[in-house]
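The values are calculated or read from the model by the stated rules, or taken from the named source; none is laboratory data. This is a predicted model, so every value here is computed, not measured. Here the Cβ positions follow ideal geometry from the backbone for every residue, glycine too, while neighbour counts run over all protein chains shown. Just so you know, the surface numbers come from the protein's heavy atoms only, side chains and all, with ligands and any DNA or RNA stripped out. Shrake-Rupley method; radii C 1.70, N 1.55, O 1.52, S 1.80 Å.
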Amino acid sequence: MQTIIAAYPEAADSLARFAAWLAGAGVERGFLGPREVDRIWVRHIGNCAVVEELIPVNSKVFDIGSGAGLPGVVLAIVRPDISMGLIEPLQRRSEFLTEVVTDLGLSDRVTVMRGRAEELKGQTAQIVTARAVAPLGKLLTWALPLTAKNGQILAMKGSSAATEIADAKDMLRGRNAEIVLCGQNIVDPLTTVVRVSA
């Protein structure tokens with residue numbers, strides 16, 4: 001927790017408030033298991049925050065399958081320069097996200113977009129993020145249409161990253177996909193991201 005706060009001192013208060021949301025309403029409404037409460041800072045908030053290293057300044061970002069706001073809400077907190085669209089099809093989760101965004105004062109640049117990624121035809125962002133939503137091949141079918149020309153998809157993955165890239169070969173169609181590790185000296189283990197150039 002301390003290394004995360006030290007890395008993002010200006011965001012510390014908002015991150016702490018979001019952690020309280022996750023540990024309270026997030027657990028009560030079943031978005032996070034009770035066992036995760038002790039690991040919220042390292043496994044969830046820190047793990048998501050460091051992905052900001054890969055996001056260019058003033059980017060428009062879409063987060064597919066935002067769920068409890070990971071990584072979308074965390075990224076919006078640590079990067080006040082970006083605008084964020086939280087894409088979430090389930091009403092209960094969308095309502096939770098709306099409450100959180102309002103409480104944290106993020107409404108001016110964070111929008112909760114209730115619906116499925118494939119329903120948002122014609123809307124694009126420079127960066128599209130996702131965490132634990134689907135295998136890479138399936139995720140690309142939703143993310144590529146939402147990614148602006150010369151944009152990037154940042155898929156948070158674990159140890160399966162290399163296998164998922166290999167399995168997604170047909171969907172990649174020659175696009176560059178690389179594994180990037182984020183959060184040096186901030187989180188341990190480092191956050192594994194598959195970065196796909198659109």
The helix 12-21 Cα axis meets the longest alpha-carbon principal axis of the chain at an angle in degrees, between 0 and 90 and rounded to 10, of 90
At q = 0.16, 0.23, 0.24 Å⁻¹, the log10 of I(q)/I(0) for region 91-198 from a Debye sum over equal Cα scatterers comes to -0.83, -1.24, -1.27
Expressed as a whole-number percentage, the relative contact order of region 87-187 with C-alpha contacts under 8 angstrom and at least six residues apart is 23
From the Cα centre of region 1-22 to that of region 24-56, the distance in Å is 11
Given unit charges at Cβ for Lys, Arg (+) and Asp, Glu (-), the dipole magnitude of region 1-135 about its Cα centre in debye, nearest 20, is 320
Distance in Å, no decimals, from the C-alpha centre of region 160-198 to the one of region 94-135 is 22
Once both label points are put 7 Å beyond Cα along the C-beta direction, the N176-E53 separation in nm becomes 1.8
Asserting the computed 222 nm helical MRE of the chain (DSSP H runs at least 4 long, -39500 (n - 2.57) per run, divided by residue count, to nearest 500) equals -7500 deg cm²/dmol
Dividing the mean separation of Cα pairs under 8 Å (6+ apart) by the residue count of the chain yields a relative contact order in percent of 20
Measuring from the longest principal axis of the C-alpha atoms of the chain, the long axis of helix 91-103 (C-alpha) lies at a number of degrees, nearest 10, equal to 60
Rounded to whole Å², per residue accessible area for the chain with a 1.4 Å probe reads 48
With 0.36 nm assigned to each residue of separation and the Cα-Cα distance removed, T163 to A148 gains 2.8 nm
Any trypsin sites (Lys or Arg not before Pro) in region 80-175 that lie in a DSSP loop and have at most 11 other Cβ atoms within 10 Å would be K121, R173
